[in-house]
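Have a look at the structure below before the remarks.
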Amino acid sequence: MIALGGTFVMRGLAEPAPKAEVSLQPVAVTRPAHVYTPVLVASRDIHPGEFIDGGAIHWQAVKKDYPKALYLKKDSIDLASNFGATVRKLVKKGDLLTYSLVVKPGEPGFLASVLHKGMRAVAIPTNAVASNAGLVSAGDHVDVILGLKKENNVNVSGDDTSSVQPPMLASQTLVTNVRVLALNNVVRSGVQVRSQDNKKRKDDNQYFETVTLEVTPKQSERLAVAREIGTLQLALRAVGDNNDIVSLADNKTGVTTLNQVTDIYRKLSSPSTPKIVLYMGNKVQVEDVAN
């Protein structure tokens with residue numbers, strides 16, 4: 001019995017342990033989802049003529065790749081480079097922005113895009129004084145004042161008692177509270193990105209030959225006539241000052257004449273004692289009339 005039991009024990013020790021079952025099913029490998037370049041999207045409705053600022057646009061993640069030549073993508077441009085631009089047509093909130101929709105200052109079509117409905121852009125000749133060079137910028141609101149051209153009609157006899165014929169000078173405010181669109185060919189937006197460079201801009205205090213204004217069709221006709229008979233000067237308005245929005249038709253009595261400005265010519269042309277003007281060749285002599 002002892003020998004038989006030992007035989008079974010030895011056989012059990014000699015038999016190998018059962019093999020573990022191995023699964024032959026493939027193991028799924030999880031790969032990270034592909035990340036596409038974000039595209040510029042409207043954060044709110046953007047209307048034509050409305051300047052784009054930081055609250056109007058943002059970068060949005062997308063689930064597919066969009067053509068870089070058509071869409072504004074994060075790896076192509078900087079977000080701030082779009083500030084001050086406008087759109088050619090209404091862009092709804094959440095719509096993707098394309099190069100054909102966004103137009104920046106200086107690009108063709110920008111001036112037409114920022115014009116309000118029913119308004120016109122008219123360029124008037126000016127100079128460094130009349131345009132307040134360095135003080136008036138695109139986006140400001142101004143009044144336009146007409147001054148009659150000074151004719152060479154001042155006759156002075158040559159001494160302190162001379163009679164003087166006053167020149168035909170007068171001025172009148174033609175239009176008020178009109179928006180400046182451009183100075184020369186420099187079109188700026190109402191939204192400007194602060195530059196880190198403290199250097200003076202090239203267009204500061206420069207000579208302006210033309211100023212482009214946003215006016216009504218009737219105002220554009222009046223300015224076209226006015227620039228032929230005199231000089232046009234700009235008067236800068238305060239921000240938010242919308243009072244006295246009048247035109248020439250509403251301001252028929254608002255003419256300022258020379259006599260209202262000064263009484264110098266009136267006093268000089270009315271001597272206290274009668275005088276006689278003697279013309280002797282090229283000489284002119286004034287004599288008091290003897291009593």
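The values are calculated or read from the model by the stated rules, or taken from the named source; none is laboratory data. Worth saying up front: this structure is predicted, and the values here are computed from it rather than measured. Here Cβ is always computed from backbone atoms with ideal geometry, including for glycine, and neighbour counts include all displayed protein chains. In case anyone asks, the SASA skips ligands and DNA or RNA and just uses the protein heavy atoms, side chains included. Shrake-Rupley method; radii C 1.70, N 1.55, O 1.52, S 1.80 Å.
Between LYS104 and THR30, what is the label-point separation in nm under the 7 Å Cα-to-beta-carbon projection?
The modelled label-to-label distance comes out at 4.2 nm.
How much of ILE276 can a 1.4 Å solvent probe reach, expressed as accessible area in Å² and rounded to 10?
80 Å²
Show the residues, 5+ positions off or on another chain, whose built amide H is closer than 5 Å to the amide H of ASP45.
Amide H to amide H, under 5 Å and 5 or more residues apart or across chains, ASP45 pairs with LYS93.
Computed FRET efficiency, Cβ-Cβ of ASN259 and THR216, R0 30 Å: what is it to the nearest 0.05? Before the final figure, lay out each step's value.
Details: r = 33 Å, r/R0 = 1.09.
Once rounded, the FRET efficiency stands at 0.40.
Taking H as built 1.01 Å from N, whose amide H comes closer than 5 Å to the amide H of ALA170, not counting residues under 5 places away?
Under 5 Å from the amide H of ALA170: LEU148.
At 1.4 Å probe size, with no ligands or nucleic acids counted, give the accessible surface of MET168 in Å², nearest ten.
Roughly 140 Å² of MET168 is accessible to a 1.4 Å probe.
How high is the FRET efficiency between LEU90 and ASN184 when r is their beta carbon distance and R₀ equals 41 Å, given to the nearest 0.05?
On the way: r = 31 Å, r/R0 = 0.75.
Efficiency, from the Cβ-Cβ distance: 0.85.
In this model, which of LYS63/LYS89; LYS92/LYS218; LYS64/LYS117; LYS68/LYS92; LYS68/LYS93 are farther than 30 Å apart at the alpha-carbon? Display every interim value, and only then the final one.
On the way: LYS63/LYS89 26 Å; LYS92/LYS218 34 Å; LYS64/LYS117 38 Å; LYS68/LYS92 21 Å; LYS68/LYS93 21 Å.
With Cα atoms farther than 30 Å apart: LYS92/LYS218; LYS64/LYS117.
What distance in nm separates the simple spin-label points at ASP241 and THR37, each placed 7 Å from Cα in the Cβ direction?
Those two pseudo-labels are separated by 4.8 nm.
How large is ³J(HN,Hα) for each residue in region 91-98, as worked out from phi by the Karplus curve 6.51 cos²θ - 1.76 cosθ + 1.60 (θ = phi - 60°), to whole Hz, x for Gly and Pro?
10, 7, 4, x, 6, 6, 9, 10
Multiplying the sequence separation of ALA69 and VAL225 by 0.36 nm and subtracting their Cα-Cα distance, what value in nm do you get?
Numbers: separation 156, 0.36 × 156 = 56.16 nm, distance 4.65 nm.
Here the answer is 51.5 nm.
In terms of modelled amide H atoms, which long-range or inter-chain residues lie less than 5 Å from the amide H of THR210?
THR126, ASN184
If you project the alpha carbons of region 51-103 onto their three principal axes, what span does each projection cover, largest first, in Å?
For region 51-103, the Cα extents along the three principal axes come out at 28, 20, 19 Å.
Which net charge results for the neighbourhood of GLU214, defined as the other residues with beta-carbon distances under 12 angstrom from its beta-carbon, given Lys and Arg at +1 and Asp and Glu at -1? Mind dumping the intermediate values first?
Details: positive: LYS117, ARG120, ARG179; negative: ASP140.
With Lys, Arg at +1 and Asp, Glu at -1, the neighbours total +2.
What figure, in Å² to the nearest 10, do you get for the accessible area of THR256 with a 1.4 Å probe and non-protein molecules left out?
60 Å²
Could you check the simple spin-label distance between ALA123 and LEU135, using points 7 Å along Cα→Cβ, in nm with one decimal?
2.5 nm
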